[in-house]
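The values are calculated or read from the model by the stated rules, or taken from the named source; none is laboratory data. All of these numbers come straight from a predicted model, not from anything done at the bench. FYI the Cβ positions are ideal-geometry reconstructions off the backbone, even for glycines, and counts take in every protein chain you see. The area values use the complete protein model at the heavy-atom level, side chains included, leaving out ligands, DNA and RNA. Shrake-Rupley method; radii C 1.70, N 1.55, O 1.52, S 1.80 Å.
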Amino acid sequence: MDFTVGILLGTFLLSILALFVFIWSLSTGLFGDGTAAAKEIFAPNELGQTEDPAATSFQKGKLQSAMDPQAQAQTMSEDELETRSRADKSTSLVVGVCLTLAVVWLVLASFAGLISSIKLHAPDWWVQYEWLTFGRIRPIHLNLVGYGWCSLAGIGVAIWLIPRLLKTELVGAKYALVGGAMWSIGVTAGSVAIGMGYSDGLEWLEYPWQIDILLVIAGALVGFPLWLTLLKRKVKHLYVSVWYIAAGLLWFPILFLIANVPGLHFGVQQATVNWWFGHNVLGLWFTPLALAASYYFIPKVLGKPIHSYNLSLLGFWSLAFFYSQVGGHHLIGGPVPSWLITISIVQSMMMLIPVFAVAVNQHMTVAGNFRALLYSPTLRFIVLGAVMYTAASVQGSLQALRSVNTLTHFTHYTVAHAHLGLYGFFTMVMFGSIYFIMPRVMNWEWPYPRLISLHFWLVLGGFAIYFIGLSIGGWLQGLAMLDEKMPFMQSVALTLPYLQARSIGGGLMTLGHLVFAAHFFAMGWKFGPKRLGATLLEPLTLARFSRRGEAA
């Protein structure tokens, strides 16, 4: 045990040392010119030009006025436009497939989640169907959200970003296409297995290990094109989003493989590994993908570089240094060594470093331009998601403290916190990203702009009811469970109004998802007004390409 303590303590001290070395390297310029790297996502004449393919013509004008009304519209050079068009075209098929599958999983996961929510205050509803009992439908919901919607949406957005960030075509798209298809087969098989009663019985790890093999292989295939494309990059600097995407695509297969090796972990060790994975899948898989998208789309829509490129690197590396051991705080009060819990709590508090690095950086990028949120659908979702990232992360660090955890553990407060991260942060960022990306993929504008606003207000209102209701109900539940004079069933009964509020909020969120899905497939079937090409591509330039094609 002393040897193990020494290893973990040494790892923590090494992380602290590495952080200071990294800060020193930034101050001495070892990572290059941050100003130039921050502008890497823009063409030479793009700075000052706002961009949001999801906006209407009126919104585009207002968005530009909100940022820089004096800026003169400039046309990208033909070489720049052709490079970007080829990059987008190289990803269009695989991105379209991944995002379409993700939207399908989102709708199915929403219904599974709504059913499981209703069962918490109406437990006898549909009990005649085994696969709809709470013990099965709730894990189905969790896995459809995590591995269906979130993973495939994140993969689709990441694959679209990679060629944009590296200014080259995607290499090895066929591997990603096969990986995405294999991933969906794994999600389908795993969810059916849970519905039939076959489960490993560990949260986030319910799929039988035979099916897990598909996800490991699929994750490796999806990540392979990144490394192939990196070799063909045409940029001098790797923008911070590339660091996040590369790390996420590298970390996830390793995490998932280690956590799912059959017969390797037992008893307390199994519980420890369970929450080592359960927390890392959020912080080292979903978080990097969403932050990569945020760091690209926020400055891209606003037409201005990120506030501090070095601060963005500090956020990335401190996430890598400190996140891996935070899951142990889920086991406070359990039969695990106290030193393991203490290290987890310390690491959780150290996570405030990357959180505030991201929060300050993205806030300062938007500061003074918040009026742009009124006119940019993409920015509205993503900035909201960025704010929720800060809130969820600070809340998570505080919940790791023993004094707070004693009250909130085993309550609905923890469920509210989990949704603040995975829904308030990750899903909101994915919604905004998809609104920006799909016009580029389909060469078609969103046909019904009012549905974007309807979607936003439905999910925002529904999530607010959901989160606030569960947070209040969970806190009162914790106080009741700590009162030795109060019968346990009374602590259960007092949560019923808040669980009903959860179902109302979940119903509004599900309705918002149906609006989003209907709009998504309306675009896929090219309903609405006919367009020449992707939104905001200069018509005169497109005409020149057309004439060149005719001449050839």
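A crude spin-label estimate for the pair Asp68 and Met349, with each label 7 Å from Cα along the Cβ direction, gives 4.4 nm. Once both labels are positioned 7 Å from their Cα atoms along Cα-to-Cβ, the gap between Trp131 and Trp24 label points is 6.0 nm. The longest part of the chain holding none of the exposed loop trypsin sites (Lys or Arg not before Pro), meaning those outside H, G, I, E and B in DSSP with at most 14 other Cβ atoms within 10 Å, is 237-484. Label reach from Val492 (point 7 Å along Cα→C-beta): in segment 176-217, no amide nitrogen lies under 16 Å.
Estimated at 0.36 nm per residue, the fully extended path between Asn45 and Arg86 surpasses their Cα-Cα distance by 12.8 nm.
Give me the orientation-averaged projected area of the Cα convex hull of segment 60-217, in nm², one decimal.
13.1 nm²
Shown here is the pair-distance distribution of segment 290-447: with all Cα-Cα distances grouped in 5 Å bins from zero up to the longest one, the shares run 2, 9, 16, 18, 17, 13, 10, 7, 4, 2, 1, 0 percent.
Per residue and in cubic angstrom, what volume does the convex hull of the Cα atoms of segment 89-172 have? Don't skip to the answer; put the middle values down first.
Details: hull volume 7.2 nm³, N = 84.
Residue-normalised Cα hull volume stands at 85 Å³.
Note on Asp79 and Leu17: their simple-model spin labels are 4.7 nm apart, each label 7 Å out from Cα toward Cβ.
The mean of 1/r over all pairs of different alpha-carbon atoms in segment 389-523, once inverted, gives a Kirkwood hydrodynamic radius of 16.5 Å.
Just the number, please: carbon plus sulfur as a percent of the accessible area of segment 460-532, 1.4 Å probe, no ligands or DNA/RNA counted.
Details: 2790 of 3800 Å².
Of the solvent-accessible surface of segment 460-532, carbon and sulfur hold 73 percent.
Report note on the peptides 468-476, 143-151, 453-461: ranked by the mean count of other C-beta atoms within 10 Å, highest first, their order is 143-151, 468-476, 453-461.
Dipole magnitude for the chain: computed about the Cα centre from +1 point charges on Lys and Arg Cβ and -1 point charges on Asp and Glu Cβ, it is near 1200 debye. The chymotrypsin sites (Phe, Trp or Tyr not before Pro) found in segment 220-276 that occupy coil by DSSP, while having at most 12 further C-beta atoms within 10 Å, are Phe266.
Note on Ile217/Met196: beta-carbon distance plugged into 1/(1 + (r/R0)^6) with R0 of 30 Å gives a FRET efficiency of 0.85. From largest to smallest, the equivalent ellipsoid semi-axes obtained for segment 140-208 from the alpha-carbon gyration tensor read 30, 12, 8 Å. Summing Lys and Arg as +1 and Asp and Glu as -1 over all other residues whose Cβ lies under 9 Å from the Cβ of Leu165 gives a net charge of +2. The residues of the chain expose on average 42 square angstrom of accessible surface per residue, using a 1.4 Å probe on protein heavy atoms. For His121 and Trp209, the FRET efficiency from 1/(1 + (r/R0)^6), where r spans their Cβ atoms and R0 equals 35 Å, is about 0.50.
How large, in percent, is the carbon and sulfur part of the accessible surface of segment 246-395 at a probe radius of 1.4 Å? So the carbon and sulfur contribution to the accessible surface is 74 percent. In the chain, the calculated helix contribution to ellipticity at 222 nm averages -23500 deg cm²/dmol per residue, counting -39,500 (n - 2.57) for every DSSP H run with n ≥ 4.
Overall, the ratio between the Cα radius of gyration of segment 491-531 and 2.2 N^0.38 Å, rounded to two decimals, is 1.95. Available extension along the chain between Ala189 and Leu401 is 72.5 nm, counting 0.36 nm per residue and deducting the alpha carbon span. Shown here is the pair-distance distribution of the chain: with all Cα-Cα distances grouped in 10 Å bins from zero up to the longest one, the shares run 3, 17, 29, 28, 15, 6, 1, 0, 0 percent.
With an a/c value of 1.5 or above and a/b larger than b/c for the gyration tensor axes a ≥ b ≥ c computed over the alpha-carbon atoms, segment 288-345 is described as prolate. When every Cα-Cα distance of segment 464-534 is counted in 10 angstrom steps from zero, the calculated P(r) takes the values 18, 28, 18, 14, 11, 7, 2, 0 percent. Stretching Leu482 away from Leu231 to a fully extended chain increases their span by 84.6 nm, per 0.36 nm per residue minus the current alpha-carbon distance.
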